[in-house]
Amino acid sequence: MRSKPQLSRPGESYRPHVERLIGQATEVLSQAGYDRLLIHSGRPRTRFQDDYQPPFRAHPYFIHWLPLPRSPDCLLDIRPGRRPRLWLAAPEDFWHAAPDAPEDWWAQCFEIELVSDAAGWQHVLDEVSATALIADPHDFPGLGRHADLNPETVLGLLDQQRTVKSDWQIQCIRAANRIAMAGHRAAADAFSSGASELEIHLAYLHAAQHDPDTLPYNSIVALNEHAAVLHYQLRDAQAPERRRSFLIDAGADCHGYAADITRSYSADDGLFAALISEMDRLQQQLVARMQVGRSYVDLHYEAHRGVAEILESSKICDMSVDAMLEANLTSTFLPHGLGHFLGIQVHDVAGRVGPDGRHLPPPEQHPFLRLTRELQKDNVLTVEPGLYFIPQLLDRLRDTPLSGHIDWKLIETLLPYGGIRIEDDVLVQLEEPVNLTREA
Ligand code: GLY
Ligand code: MN
Ligand code: MN
(Lines give C-alpha, C1' and ligand atoms only; values in the text may rest on other atoms or scores of the structure.)
(Ligands and ions follow the chains in the order given, each with its own letter.)
Protein backbone atom coordinates (compact mmCIF):
# COMPACT_ATOMS: atom_id res chain seq x y z
CA MET A 1 0.00 0.00 0.00
CA ARG A 2 1.36 3.39 -0.89
CA SER A 3 -0.56 6.50 -0.09
CA LYS A 4 1.23 9.80 -0.24
CA PRO A 5 0.55 12.50 2.31
CA GLN A 6 -1.03 15.37 0.45
CA LEU A 7 0.28 18.65 1.80
CA SER A 8 -0.63 21.74 -0.10
CA ARG A 9 2.52 23.53 -1.36
CA PRO A 10 4.98 21.50 0.77
CA GLY A 11 7.98 23.30 -0.73
CA GLU A 12 7.00 26.58 0.96
CA SER A 13 7.95 25.31 4.39
CA TYR A 14 10.33 22.56 3.32
CA ARG A 15 12.85 24.83 1.62
CA PRO A 16 13.32 27.10 4.69
CA HIS A 17 13.56 23.93 6.78
CA VAL A 18 16.51 22.70 4.70
CA GLU A 19 18.11 26.15 4.78
CA ARG A 20 17.82 26.14 8.54
CA LEU A 21 19.35 22.65 8.68
CA ILE A 22 22.29 23.78 6.55
CA GLY A 23 22.93 26.63 8.99
CA GLN A 24 22.64 24.32 11.97
CA ALA A 25 24.87 21.64 10.44
CA THR A 26 27.51 24.26 9.66
CA GLU A 27 27.56 25.27 13.30
CA VAL A 28 27.69 21.67 14.50
CA LEU A 29 30.61 20.85 12.18
CA SER A 30 32.60 23.84 13.30
CA GLN A 31 31.89 23.16 16.98
CA ALA A 32 32.84 19.48 16.66
CA GLY A 33 35.81 20.05 14.35
CA TYR A 34 34.70 18.35 11.14
CA ASP A 35 34.69 19.45 7.51
CA ARG A 36 31.65 17.50 6.39
CA LEU A 37 28.72 15.47 7.58
CA LEU A 38 27.64 12.31 5.79
CA ILE A 39 24.30 10.73 6.64
CA HIS A 40 23.36 7.25 5.43
CA SER A 41 19.66 6.43 5.06
CA GLY A 42 20.18 2.84 6.25
CA ARG A 43 19.97 -0.60 4.77
CA PRO A 44 17.31 -3.30 5.15
CA ARG A 45 18.44 -6.15 7.35
CA THR A 46 17.35 -9.76 7.13
CA ARG A 47 16.15 -11.65 10.18
CA PHE A 48 18.58 -14.06 11.83
CA GLN A 49 19.00 -17.22 9.73
CA ASP A 50 16.33 -16.03 7.35
CA ASP A 51 16.10 -14.18 4.05
CA TYR A 52 13.08 -12.15 5.13
CA GLN A 53 13.47 -8.41 5.67
CA PRO A 54 11.16 -6.52 8.00
CA PRO A 55 9.84 -3.26 6.47
CA PHE A 56 12.56 -0.67 5.99
CA ARG A 57 12.56 2.72 7.66
CA ALA A 58 15.33 5.26 7.08
CA HIS A 59 17.46 6.49 9.98
CA PRO A 60 15.88 9.48 11.73
CA TYR A 61 18.92 11.71 11.03
CA PHE A 62 18.28 11.17 7.33
CA ILE A 63 14.52 11.78 7.55
CA HIS A 64 15.35 15.04 9.33
CA TRP A 65 16.71 16.25 5.97
CA LEU A 66 14.66 14.33 3.45
CA PRO A 67 11.01 13.27 3.12
CA LEU A 68 12.17 9.79 2.08
CA PRO A 69 11.47 7.49 5.02
CA ARG A 70 11.50 4.43 2.80
CA SER A 71 14.59 4.94 0.62
CA PRO A 72 17.43 2.61 1.59
CA ASP A 73 21.11 3.10 0.82
CA CYS A 74 21.08 6.78 0.02
CA LEU A 75 23.89 9.03 1.21
CA LEU A 76 23.65 12.70 2.03
CA ASP A 77 26.81 14.81 1.91
CA ILE A 78 26.69 18.16 3.73
CA ARG A 79 29.54 20.68 3.61
CA PRO A 80 29.51 24.30 4.68
CA GLY A 81 29.04 26.68 1.77
CA ARG A 82 27.83 24.03 -0.68
CA ARG A 83 24.43 22.74 -1.72
CA PRO A 84 23.93 19.41 0.03
CA ARG A 85 24.49 16.48 -2.30
CA LEU A 86 22.22 13.45 -2.25
CA TRP A 87 23.34 10.13 -3.65
CA LEU A 88 19.93 8.68 -4.40
CA ALA A 89 19.89 4.90 -4.81
CA ALA A 90 17.51 3.54 -7.43
CA PRO A 91 18.42 -0.15 -7.61
CA GLU A 92 18.02 -2.14 -10.80
CA ASP A 93 15.81 -4.67 -9.09
CA PHE A 94 12.93 -6.66 -10.52
CA TRP A 95 11.93 -8.05 -7.11
CA HIS A 96 10.75 -4.80 -5.61
CA ALA A 97 8.90 -1.67 -6.66
CA ALA A 98 11.22 1.14 -7.70
CA PRO A 99 11.53 4.06 -5.27
CA ASP A 100 9.57 7.18 -6.14
CA ALA A 101 11.25 9.57 -8.55
CA PRO A 102 12.45 12.84 -6.98
CA GLU A 103 9.78 15.50 -6.76
CA ASP A 104 10.68 19.09 -7.50
CA TRP A 105 9.52 20.54 -4.21
CA TRP A 106 12.21 18.70 -2.25
CA ALA A 107 14.68 17.76 -4.99
CA GLN A 108 15.53 21.37 -5.82
CA CYS A 109 17.19 21.77 -2.42
CA PHE A 110 19.88 19.20 -3.33
CA GLU A 111 22.44 18.26 -5.92
CA ILE A 112 21.16 14.82 -6.79
CA GLU A 113 23.25 11.97 -8.17
CA LEU A 114 21.32 8.86 -9.11
CA VAL A 115 23.16 5.63 -8.39
CA SER A 116 22.00 2.03 -8.58
CA ASP A 117 23.54 1.00 -5.25
CA ALA A 118 26.03 1.87 -2.51
CA ALA A 119 28.96 1.16 -4.83
CA GLY A 120 27.93 4.33 -6.67
CA TRP A 121 28.83 6.56 -3.70
CA GLN A 122 31.54 4.47 -2.01
CA HIS A 123 34.30 6.77 -3.31
CA VAL A 124 32.85 9.66 -1.28
CA LEU A 125 34.12 7.93 1.85
CA ASP A 126 37.69 7.84 0.54
CA GLU A 127 38.00 11.59 0.28
CA VAL A 128 40.62 13.22 2.48
CA SER A 129 38.36 15.36 4.62
CA ALA A 130 37.54 15.33 8.34
CA THR A 131 34.22 13.51 8.19
CA ALA A 132 31.47 12.74 10.65
CA LEU A 133 29.40 9.85 9.32
CA ILE A 134 26.00 9.00 10.78
CA ALA A 135 25.12 5.41 10.02
CA ASP A 136 24.41 2.02 11.50
CA PRO A 137 27.85 0.54 12.38
CA HIS A 138 26.72 -2.77 10.83
CA ASP A 139 26.61 -1.10 7.44
CA PHE A 140 30.09 0.42 7.72
CA PRO A 141 32.38 -2.20 9.25
CA GLY A 142 35.57 -0.74 7.76
CA LEU A 143 35.75 3.02 7.67
CA GLY A 144 38.46 5.08 6.02
CA ARG A 145 40.98 6.97 8.11
CA HIS A 146 39.17 10.23 7.63
CA ALA A 147 35.75 9.40 9.00
CA ASP A 148 34.39 9.06 12.55
CA LEU A 149 31.24 7.02 12.91
CA ASN A 150 28.45 8.64 14.95
CA PRO A 151 30.63 11.04 17.00
CA GLU A 152 28.81 11.71 20.26
CA THR A 153 29.23 15.49 20.14
CA VAL A 154 27.72 15.66 16.68
CA LEU A 155 24.76 13.43 17.54
CA GLY A 156 24.15 15.34 20.79
CA LEU A 157 24.07 18.70 19.03
CA LEU A 158 21.85 17.45 16.20
CA ASP A 159 19.45 15.89 18.70
CA GLN A 160 19.13 19.23 20.51
CA GLN A 161 18.18 20.88 17.24
CA ARG A 162 15.41 18.35 16.70
CA THR A 163 13.68 19.37 19.92
CA VAL A 164 12.69 22.73 18.42
CA LYS A 165 10.50 22.13 15.39
CA SER A 166 10.59 24.06 12.13
CA ASP A 167 7.39 25.08 10.31
CA TRP A 168 7.89 22.12 7.98
CA GLN A 169 8.06 19.67 10.85
CA ILE A 170 5.02 21.21 12.53
CA GLN A 171 3.10 21.03 9.26
CA CYS A 172 3.93 17.31 8.93
CA ILE A 173 2.94 16.48 12.53
CA ARG A 174 -0.26 18.48 12.08
CA ALA A 175 -1.08 16.54 8.88
CA ALA A 176 -0.25 13.23 10.59
CA ASN A 177 -2.78 14.19 13.27
CA ARG A 178 -5.47 14.83 10.67
CA ILE A 179 -4.79 11.46 9.06
CA ALA A 180 -4.80 9.64 12.40
CA MET A 181 -8.03 11.29 13.54
CA ALA A 182 -9.83 9.92 10.48
CA GLY A 183 -8.71 6.49 11.66
CA HIS A 184 -9.77 7.19 15.25
CA ARG A 185 -13.28 8.19 14.14
CA ALA A 186 -13.64 4.96 12.15
CA ALA A 187 -12.29 2.93 15.08
CA ALA A 188 -14.83 4.50 17.47
CA ASP A 189 -17.65 3.63 15.04
CA ALA A 190 -16.38 0.06 14.72
CA PHE A 191 -16.29 -0.29 18.52
CA SER A 192 -19.88 1.00 18.78
CA SER A 193 -21.02 -1.56 16.26
CA GLY A 194 -19.51 -4.46 18.24
CA ALA A 195 -16.39 -5.16 16.17
CA SER A 196 -13.45 -7.27 17.39
CA GLU A 197 -10.01 -5.79 18.06
CA LEU A 198 -8.80 -7.00 14.68
CA GLU A 199 -11.81 -5.54 12.89
CA ILE A 200 -11.35 -2.20 14.65
CA HIS A 201 -7.67 -2.24 13.70
CA LEU A 202 -8.56 -2.84 10.04
CA ALA A 203 -11.20 -0.10 10.11
CA TYR A 204 -8.54 2.28 11.47
CA LEU A 205 -6.00 1.39 8.79
CA HIS A 206 -8.56 1.76 6.03
CA ALA A 207 -9.74 5.18 7.18
CA ALA A 208 -6.21 6.44 7.83
CA GLN A 209 -5.00 5.03 4.49
CA HIS A 210 -2.07 3.33 6.14
CA ASP A 211 -0.83 -0.19 6.32
CA PRO A 212 0.96 -1.46 9.43
CA ASP A 213 4.34 -1.00 7.71
CA THR A 214 3.87 2.74 7.46
CA LEU A 215 2.46 3.38 10.93
CA PRO A 216 4.86 5.18 13.27
CA TYR A 217 4.30 2.50 15.94
CA ASN A 218 2.26 -0.63 16.52
CA SER A 219 -1.29 0.40 17.24
CA ILE A 220 -2.73 -0.59 20.61
CA VAL A 221 -6.30 -1.74 20.07
CA ALA A 222 -7.61 -3.03 23.38
CA LEU A 223 -11.10 -4.08 24.44
CA ASN A 224 -12.15 -4.52 28.06
CA GLU A 225 -9.42 -5.70 30.46
CA HIS A 226 -6.83 -5.61 27.64
CA ALA A 227 -6.85 -1.84 28.12
CA ALA A 228 -4.89 -2.42 31.34
CA VAL A 229 -1.93 -3.80 29.36
CA LEU A 230 0.03 -0.63 28.65
CA HIS A 231 1.55 -1.81 25.36
CA TYR A 232 -1.06 -4.45 24.49
CA GLN A 233 0.25 -5.90 21.24
CA LEU A 234 -2.32 -8.56 20.24
CA ARG A 235 -5.57 -8.15 18.35
CA ASP A 236 -8.25 -10.73 19.02
CA ALA A 237 -10.15 -11.73 15.90
CA GLN A 238 -13.26 -12.54 17.98
CA ALA A 239 -15.28 -9.83 19.64
CA PRO A 240 -15.72 -10.39 23.40
CA GLU A 241 -19.11 -11.59 24.61
CA ARG A 242 -19.63 -8.41 26.55
CA ARG A 243 -18.38 -5.07 25.29
CA ARG A 244 -17.38 -2.80 28.19
CA SER A 245 -14.54 -0.51 27.18
CA PHE A 246 -12.13 0.36 24.40
CA LEU A 247 -8.69 1.97 24.41
CA ILE A 248 -6.96 2.78 21.14
CA ASP A 249 -3.46 4.25 20.86
CA ALA A 250 -2.77 4.71 17.16
CA GLY A 251 -0.91 7.21 15.02
CA ALA A 252 -0.12 8.08 11.45
CA ASP A 253 2.85 9.20 9.41
CA CYS A 254 3.42 12.22 7.21
CA HIS A 255 6.80 12.37 5.45
CA GLY A 256 8.40 10.53 8.35
CA TYR A 257 6.73 12.54 11.15
CA ALA A 258 4.41 10.88 13.63
CA ALA A 259 1.09 11.48 15.29
CA ASP A 260 0.61 9.63 18.59
CA ILE A 261 -2.98 9.66 19.81
CA THR A 262 -4.96 7.69 22.40
CA ARG A 263 -8.68 7.62 23.05
CA SER A 264 -10.74 5.70 25.62
CA TYR A 265 -14.40 4.75 25.46
CA SER A 266 -17.01 3.13 27.68
CA ALA A 267 -19.89 1.05 26.36
CA ASP A 268 -22.15 2.04 29.29
CA ASP A 269 -22.83 5.14 31.42
CA GLY A 270 -21.54 3.77 34.72
CA LEU A 271 -18.56 4.76 36.87
CA PHE A 272 -16.01 3.95 34.18
CA ALA A 273 -17.67 6.41 31.78
CA ALA A 274 -17.60 9.05 34.53
CA LEU A 275 -13.90 8.37 35.09
CA ILE A 276 -13.23 8.87 31.36
CA SER A 277 -14.93 12.29 31.52
CA GLU A 278 -12.86 13.21 34.57
CA MET A 279 -9.66 12.09 32.89
CA ASP A 280 -10.55 14.05 29.77
CA ARG A 281 -11.07 17.17 31.86
CA LEU A 282 -7.72 16.61 33.61
CA GLN A 283 -5.96 15.97 30.31
CA GLN A 284 -7.23 19.24 28.84
CA GLN A 285 -6.21 21.16 31.96
CA LEU A 286 -2.71 19.73 31.60
CA VAL A 287 -2.56 20.54 27.89
CA ALA A 288 -3.40 24.17 28.69
CA ARG A 289 -0.36 24.27 30.97
CA MET A 290 2.17 23.25 28.29
CA GLN A 291 3.79 26.67 28.30
CA VAL A 292 7.28 27.98 27.70
CA GLY A 293 9.44 27.75 30.82
CA ARG A 294 7.36 25.14 32.64
CA SER A 295 9.11 22.06 33.93
CA TYR A 296 7.65 18.89 32.41
CA VAL A 297 8.55 17.06 35.63
CA ASP A 298 6.28 19.48 37.54
CA LEU A 299 3.54 18.90 34.97
CA HIS A 300 3.94 15.16 35.48
CA TYR A 301 3.45 15.71 39.24
CA GLU A 302 0.37 17.81 38.47
CA ALA A 303 -1.01 14.85 36.52
CA HIS A 304 -0.51 12.69 39.62
CA ARG A 305 -2.31 15.27 41.74
CA GLY A 306 -5.19 15.23 39.25
CA VAL A 307 -5.37 11.43 39.38
CA ALA A 308 -5.34 11.55 43.19
CA GLU A 309 -8.27 13.97 43.11
CA ILE A 310 -10.19 11.60 40.84
CA LEU A 311 -9.41 8.61 43.10
CA GLU A 312 -10.73 10.63 46.05
CA SER A 313 -13.86 12.02 44.39
CA SER A 314 -14.82 8.64 42.94
CA LYS A 315 -14.31 7.09 46.41
CA ILE A 316 -11.81 4.54 45.11
CA CYS A 317 -9.43 5.71 47.84
CA ASP A 318 -10.35 7.40 51.12
CA MET A 319 -6.98 9.07 51.78
CA SER A 320 -6.43 12.79 51.32
CA VAL A 321 -4.93 13.88 48.04
CA ASP A 322 -1.71 14.98 49.76
CA ALA A 323 -1.42 11.68 51.63
CA MET A 324 -1.87 9.72 48.39
CA LEU A 325 0.87 11.75 46.73
CA GLU A 326 3.14 11.43 49.74
CA ALA A 327 2.77 7.63 49.61
CA ASN A 328 3.11 7.60 45.79
CA LEU A 329 -0.13 5.63 45.65
CA THR A 330 -1.10 7.21 42.34
CA SER A 331 1.73 5.32 40.60
CA THR A 332 -0.34 2.15 40.98
CA PHE A 333 -2.98 3.74 38.76
CA LEU A 334 -0.67 5.84 36.56
CA PRO A 335 2.58 3.90 36.21
CA HIS A 336 3.93 5.66 33.08
CA GLY A 337 5.14 9.16 32.32
CA LEU A 338 2.88 12.06 31.35
CA GLY A 339 4.34 12.10 27.85
CA HIS A 340 7.36 12.60 25.64
CA PHE A 341 8.77 14.62 22.76
CA LEU A 342 7.27 13.73 19.39
CA GLY A 343 8.70 14.07 15.90
CA ILE A 344 10.49 11.74 13.53
CA GLN A 345 10.62 9.27 16.38
CA VAL A 346 7.49 8.66 18.40
CA HIS A 347 9.58 8.93 21.53
CA ASP A 348 11.69 11.69 20.08
CA VAL A 349 15.26 12.48 21.05
CA ALA A 350 16.81 14.54 23.85
CA GLY A 351 13.86 14.42 26.25
CA ARG A 352 16.21 13.84 29.17
CA VAL A 353 19.01 16.20 28.17
CA GLY A 354 19.00 19.92 28.86
CA PRO A 355 19.70 22.48 26.11
CA ASP A 356 23.26 22.69 27.49
CA GLY A 357 23.75 18.95 27.05
CA ARG A 358 23.40 18.15 30.73
CA HIS A 359 21.73 14.83 31.56
CA LEU A 360 18.38 15.29 33.34
CA PRO A 361 17.43 11.95 34.90
CA PRO A 362 13.78 11.34 35.83
CA PRO A 363 12.74 11.42 39.52
CA GLU A 364 13.56 8.17 41.28
CA GLN A 365 9.90 7.27 41.85
CA HIS A 366 8.99 8.02 38.24
CA PRO A 367 11.64 6.17 36.23
CA PHE A 368 9.52 5.95 33.07
CA LEU A 369 9.19 9.69 32.57
CA ARG A 370 10.76 10.36 29.15
CA LEU A 371 10.71 14.15 29.24
CA THR A 372 12.40 16.01 32.08
CA ARG A 373 13.15 19.38 30.50
CA GLU A 374 11.75 22.86 30.73
CA LEU A 375 9.46 23.55 27.79
CA GLN A 376 10.65 25.74 24.93
CA LYS A 377 8.81 27.40 22.08
CA ASP A 378 8.19 24.96 19.21
CA ASN A 379 8.64 21.83 21.26
CA VAL A 380 6.10 19.22 20.21
CA LEU A 381 5.15 16.71 22.89
CA THR A 382 2.41 14.38 24.00
CA VAL A 383 0.16 14.80 27.02
CA GLU A 384 -1.17 11.38 27.97
CA PRO A 385 -2.33 10.91 31.55
CA GLY A 386 -3.83 7.51 32.34
CA LEU A 387 -5.82 5.74 35.01
CA TYR A 388 -5.55 1.95 34.90
CA PHE A 389 -6.68 -1.06 36.87
CA ILE A 390 -3.68 -3.34 36.43
CA PRO A 391 -4.07 -6.59 38.40
CA GLN A 392 -0.32 -6.99 38.97
CA LEU A 393 0.09 -3.49 40.47
CA LEU A 394 -3.15 -3.70 42.46
CA ASP A 395 -1.99 -7.01 43.97
CA ARG A 396 1.17 -5.27 45.18
CA LEU A 397 -0.89 -2.45 46.69
CA ARG A 398 -3.12 -4.98 48.45
CA ASP A 399 -0.04 -6.22 50.33
CA THR A 400 0.81 -2.79 51.76
CA PRO A 401 -0.57 -0.90 54.79
CA LEU A 402 -2.39 1.39 52.32
CA SER A 403 -4.67 -1.47 51.35
CA GLY A 404 -7.26 -0.51 53.99
CA HIS A 405 -7.81 2.84 52.23
CA ILE A 406 -8.92 1.26 48.98
CA ASP A 407 -12.49 0.29 48.13
CA TRP A 408 -11.64 -3.14 46.72
CA LYS A 409 -15.27 -3.90 45.85
CA LEU A 410 -15.29 -0.87 43.57
CA ILE A 411 -11.96 -1.94 42.09
CA GLU A 412 -13.45 -5.38 41.32
CA THR A 413 -16.18 -3.71 39.27
CA LEU A 414 -13.61 -1.63 37.37
CA LEU A 415 -11.06 -4.37 36.60
CA PRO A 416 -13.03 -5.70 33.57
CA TYR A 417 -12.80 -2.22 32.00
CA GLY A 418 -9.00 -2.24 31.99
CA GLY A 419 -8.06 1.41 32.00
CA ILE A 420 -8.10 4.87 30.50
CA ARG A 421 -5.52 6.90 28.61
CA ILE A 422 -6.16 10.11 26.71
CA GLU A 423 -3.31 11.38 24.57
CA ASP A 424 -2.97 14.48 22.39
CA ASP A 425 -0.03 16.02 20.54
CA VAL A 426 0.75 19.55 21.62
CA LEU A 427 2.84 22.38 20.18
CA VAL A 428 4.37 24.72 22.76
CA GLN A 429 4.10 28.40 21.80
CA LEU A 430 4.88 31.70 23.52
CA GLU A 431 1.20 32.18 24.30
CA GLU A 432 -1.39 29.39 24.34
CA PRO A 433 -0.23 25.89 23.43
CA VAL A 434 -1.71 24.43 20.24
CA ASN A 435 -3.42 21.08 20.58
CA LEU A 436 -2.65 19.57 17.18
CA THR A 437 -4.91 16.59 17.87
CA ARG A 438 -8.08 18.38 18.97
CA GLU A 439 -7.53 20.88 16.16
CA ALA A 440 -7.72 17.92 13.74
N1 GLY B 1 2.18 5.12 21.50
C2 GLY B 1 3.27 5.10 22.38
C3 GLY B 1 3.17 6.13 23.40
O4 GLY B 1 2.11 6.69 23.61
O5 GLY B 1 4.13 6.53 24.01
MN1 MN C 1 2.82 8.72 23.50
MN1 MN D 1 0.51 6.69 22.26
Item to check | the stretch 35-66 - residue that is touching a residue at least 60 places away in the same chain (Cβ under 8 Å) and farther than 27 Å from R79 by Cα and, of those, surrounded by the most Cβ atoms within 10 Å (Cβ to Cβ) | outcome: R45
Checklist entry - In the list I420, I406, which residue meets the criterion of being surrounded by 19 or more Cβ atoms within 10 Å (Cβ to Cβ) and touching a Cys at 6+ places or on another chain (Cβ under 9 Å)? => result I406
Next on the checklist: I need a count of the residues in the stretch 120-152 that are in contact with a strand residue (DSSP E or B) (Cβ under 9 Å, 6 or more places away or on another chain) and under 30 Å from V380 (Cβ atoms).
Outcome noted: 10
Next on the checklist: Conditions first: (1) assigned to a helix (DSSP H, G or I); (2) over 27 Å from L198 (Cβ atoms); (3) touching a helix residue (DSSP H, G or I) at 6+ places or on another chain (Cβ under 9 Å). A274 passes all but one, so which condition is the exception?
Outcome noted: (3)
Next on the checklist: Considering only the stretch 222-234, I want to know if a residue exists there that is open to solvent by 70 Å² or more (accessible area, probe 1.4 Å), closer than 22 Å to R178 by Cα, of a type outside the set (S, T, N, Q) and within 15 Å of ligand 1 (Cβ to nearest atom).
Outcome noted: no
Checklist entry - Which members of the stretch 138-163 meet the condition of being crowded, with 16+ Cβ neighbours inside 10 Å and part of a loop (DSSP other than H, G, I, E, B)? => result F140, H146, P151, T163
Checklist entry - Residues P102, P69: which one is open to solvent by less than 40 Å² (accessible area, probe 1.4 Å), under 27 Å from H210 (Cβ atoms), touching a residue at least 12 places away in the same chain (Cβ under 8 Å) and assigned to a loop (DSSP other than H, G, I, E, B)? => result P69
Checklist entry - Which of the residues that make up the stretch 182-221 are within 15 Å of ligand 1 (Cβ to nearest atom) and small (G, A, S)? => result G183, A187, A208, S219
Next on the checklist: in contact (Cβ under 8 Å) with a residue 12 or more places away in the chain and within 16 Å of ligand 1 (Cβ to nearest atom): is that true of E432 in this structure?
Outcome noted: no
Checklist outcome for this item: In the stretch 209-234, anything within 16 Å of ligand 3 (Cβ to nearest atom) and of a type outside the set (A, V, I, L, M, F, W, C) is listed as H210, P212, P216, Y217, N218, S219, H226, H231, Y232, Q233
Checklist entry - For the stretch 362-379, does any single residue satisfy the condition of being of a type outside the set (A, V, I, L, M) and within 15 Å of ligand 3 (Cβ to nearest atom)? => result yes
Item to check | Residues located in the stretch 352-372, provided they are within 16 Å of ligand 2 (Cβ to nearest atom) and open to solvent by less than 20 Å² (accessible area, probe 1.4 Å) | outcome: H366, L369, L371, T372
Checklist entry - For the stretch 351-397, which residues satisfy the criterion of being within 16 Å of ligand 1 (Cβ to nearest atom), over 22 Å from N224 (Cβ atoms) and touching a His at 6+ places or on another chain (Cβ under 7 Å)? => result G351, R352, H366, F368, L369, R370, L371, L381, T382
Next on the checklist: Taking the conditions exactly as written (away from ligand 2 (no atom under 14 Å from the Cβ), closer than 27 Å to P69 by Cα and at pLDDT 95 or above), does Q238 satisfy them or not?
Outcome noted: no
Next on the checklist: The conditions are (1) over 20 Å from H184 (Cβ atoms); (2) hydrophobic (A, V, I, L, M, F, W, C); (3) more than 16 Å from ligand 2 (Cβ to nearest atom), and V349 fails exactly one of them. Which is it?
Outcome noted: (3)
Next on the checklist: When you scan the stretch 290-303, do you find a residue that is assigned to a strand (DSSP E or B) and either under 19 Å from V383 (Cα atoms) or within 23 Å of the chain's Cα centre (by Cα) (or both), even just one?
Outcome noted: yes
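The values are calculated or read from the model by the stated rules, or taken from the named source; none is laboratory data. Source: prediction; values computed, not measured. With ideal geometry, Cβ positions are generated from the backbone for all residues, glycine too; neighbour counts draw on all protein chains shown. To get the accessible areas, we keep the full protein, side chains included, count just its heavy atoms, and leave off ligands, DNA and RNA. Shrake-Rupley method; radii C 1.70, N 1.55, O 1.52, S 1.80 Å.
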